[in-house]
């Protein structure tokens, strides 16, 4: 997989991944019919929205689908300072000249790539408005600063993601925006699937430890109903497994991967550590 990081004045703006002949497909364990749904949406070039908690596999799923469809994937990690110019493009000074530089969305539209706007709700409102004309029958991108309207390449596809758990009055997608997308709901994998993921992503971990991690993780997720804002994700379990592979004690590996990153509350941290100790304590 050929990967390029594009920057403006040293700041990362987007990542482009292009499948190469002989590449191995990114590892992904299907949870349901999401592969078939995405393939159907791609055949009709319909925009797709991936919904689910942090670390449940949304990005890996899209990397897998882009590889299977043999399409370049342009990923933009959205943030609160992201503007429509960051997506569409801007004029830059080069010496004594002013030159136009396409943004990642414009490049994807022109080249027929899959453009992935990760955590779209974090971006400013004008960033979501600019994608509207790409999500209906028009499939066009307006570049107001140049007075241009670009028709999307026939292979172009728009994908966005967001975590419904982070929704607030100030940070949410408008219903009128949501209804423009085919929506796929993701959650943490089933127990056996999650165990397979850990065994694959942390080569060398024993099946017994993988099973203990999954069991502890599922127990820890129950605390989400008791004040825990973020759950122990599949990604966190994989991190813990890799820390164990690196020689760290299982209890310490779980603490730095599954406890410390997700809460600063002493009582919740203590409750999480009790779960860890119950599964890994001597």
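The values are calculated or read from the model by the stated rules, or taken from the named source; none is laboratory data. Bear in mind the structure is a predicted one, so any value in this text is a computation, not a measurement. Note that each Cβ is placed from the backbone with ideal geometry, even for glycine, and that neighbours are counted across all protein chains shown.
When residue 200 is tested against (1) over 20 Å from the mean Cα position of the chain (by Cα); (2) under 17 Å from residue 243 (Cβ atoms); (3) part of a helix (DSSP H, G or I), just one condition goes unmet, and that condition is (1). Considering the range 182-228, and only residues there that are touching a strand residue (DSSP E or B) at 6+ places or on another chain (Cβ under 9 Å) and more than 17 Å from residue 28 (Cα to Cα), the residue that is surrounded by the most Cβ atoms within 10 Å (Cβ to Cβ) turns out to be 182. Within the range 225-236, identify whether any single residue is in contact with a helix residue (DSSP H, G or I) (Cβ under 8 Å, 6 or more places away or on another chain), assigned by TED's automatic domain parsing to the domain that holds residue 45 and free of Cβ contacts under 8 Å to residues at least 60 places away in the same chain, and answer yes or no. No, the range 225-236 has no match at all.
Conditions (1) touching a helix residue (DSSP H, G or I) at 6+ places or on another chain (Cβ under 6 Å); (2) exposed (fewer than 14 other Cβ atoms within 10 Å of the Cβ); (3) in the same structural domain as residue 224 (by TED's automatic domain parsing), marked per residue:
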residue	(1), (2), (3)
88	yes, no, no
91	no, yes, no
97	no, yes, no
111	no, no, no
116	yes, no, no
120	no, no, no
124	no, no, no
149	no, yes, no
158	yes, no, no
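Is it the case that some residue within the range 120-129 is touching a strand residue (DSSP E or B) at 6+ places or on another chain (Cβ under 7 Å), at pLDDT 90 or above and within 20 Å of residue 81 (Cβ to Cβ)? No, the range 120-129 contains no residue that is touching a strand residue (DSSP E or B) at 6+ places or on another chain (Cβ under 7 Å), at pLDDT 90 or above and within 20 Å of residue 81 (Cβ to Cβ).
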